[in-house]
1. Restricting to the stretch 33-61, and then to whatever is buried (at least 17 other Cβ atoms within 10 Å of the Cβ) and either polar (S, T, N, Q) or touching a Cys at 6+ places or on another chain (Cβ under 9 Å) (or both), can you tell me which residue is nearest to Pro110 (Cα to Cα)?
2. Would you please name the residue that is nearest to Arg95 (Cα to Cα), looking only at residues in the stretch 15-48 that are modelled with pLDDT under 95 and of a type in the set (Gly, Ala, Ser)?
3. Can you tell me which residues in the stretch 145-155 are free of Cβ contacts under 8 Å to residues at least 40 places away in the same chain and either touching a Leu at 6+ places or on another chain (Cβ under 9 Å) or loosely packed, with under 12 Cβ neighbours inside 10 Å (or both)?
4. Of these, Phe132, Phe119, Phe87, which one is within 24 Å of Arg35 (Cα to Cα), crowded, with 20+ Cβ neighbours inside 10 Å, over 14 Å from the mean Cα position of the chain (by Cα) and of a type outside the set (D, E, K, R)?
5. Mind checking which residues of the stretch 19-63 are small (Gly, Ala, Ser), in a helix (DSSP H, G or I) and under 18 Å from the mean Cα position of the chain (by Cα)?
6. Kindly indicate whether Asp76 is assigned to a loop (DSSP other than H, G, I, E, B), farther than 25 Å from Lys150 by Cα and at pLDDT below 95.
7. Inspect the stretch 5-14 for any residue being modelled with pLDDT under 80, under 13 Å from Asn162 (Cβ atoms), of a type in the set (Val, Ile, Thr) and surrounded by 14 or more Cβ atoms within 10 Å (Cβ to Cβ) and give the result as yes or no.
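The values are calculated or read from the model by the stated rules, or taken from the named source; none is laboratory data. Keep in mind the model is a prediction, meaning the values are calculated, not measured. Don't worry about glycine lacking a Cβ; one is built from the backbone with ideal geometry, like all the others, and counts go over all protein chains shown.
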Amino acid sequence: MTDDSQLHRTLIGGAEKRDIALVDYDPRWPEKFSRHAEIIRRALGGRALSIQHAGSTSVPGLAAKPIVDVVVVVEDSGNEDVYLPAFVAAGYVLRVREPDWHQHRMFRTPELDVHIHLFSRGCVEVERLLAFRDRLRKSAEDRCLYESVKRELARQDWPDMNAYARAKSAVVEEITARALGMAAAESIR
């Protein structure tokens, strides 16, 4: 998703201007993740094949926007009938529908402090997100690099969070490539 017309088709409610405010790592973020993981487990039952804490709030010591990212794997994220009513009943709001990008769906809390990203079983993007997270947890050098880029970008004025996310995509790809390269090298051993 790179062009603005595509962005407006995928964002339910359209683009929103929001401040990009980074805060120091909060040790309560894993607890918030756990609370929402339990809500999701109760809502979806066995339809939730995996529930993972991802993004910057999942990396101890890393400054972040105070938004907890949750990655949920279901059998087929394109089949909204299976999970959409349960998410809505649990109080989440569908914000993003990207059928052309891994059938990604994103729900959020009304308070805008939790984002839930849904993907299908076997989606390569889940592996990439978790590899990125794990690399940041293990590598102080990559953690510092990523935080410095985020802090620099956060000082700028962005039309919406998606523009900010696109601006940091080069460093995310760089770190993800290292993470996947390390994983491949370890699997050869």
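1. Restricting to residues being buried (at least 17 other Cβ atoms within 10 Å of the Cβ) and either polar (S, T, N, Q) or touching a Cys at 6+ places or on another chain (Cβ under 9 Å) (or both), the top hit is Thr57.
2. Ala15
3. Glu152, Arg155
4. Criteria check complete, one pass: Phe87.
5. Answer for the stretch 19-63, where residues must be small (Gly, Ala, Ser), in a helix (DSSP H, G or I) and under 18 Å from the mean Cα position of the chain (by Cα): Ser34, Ala37, Ser56, Ser58.
6. Working: assigned to a loop (DSSP other than H, G, I, E, B): yes; farther than 25 Å from Lys150 by Cα: yes; at pLDDT below 95: no.
Spelling it out, it is not the case that Asp76 is assigned to a loop (DSSP other than H, G, I, E, B), farther than 25 Å from Lys150 by Cα and at pLDDT below 95.
7. Yes, the stretch 5-14 has at least one match.
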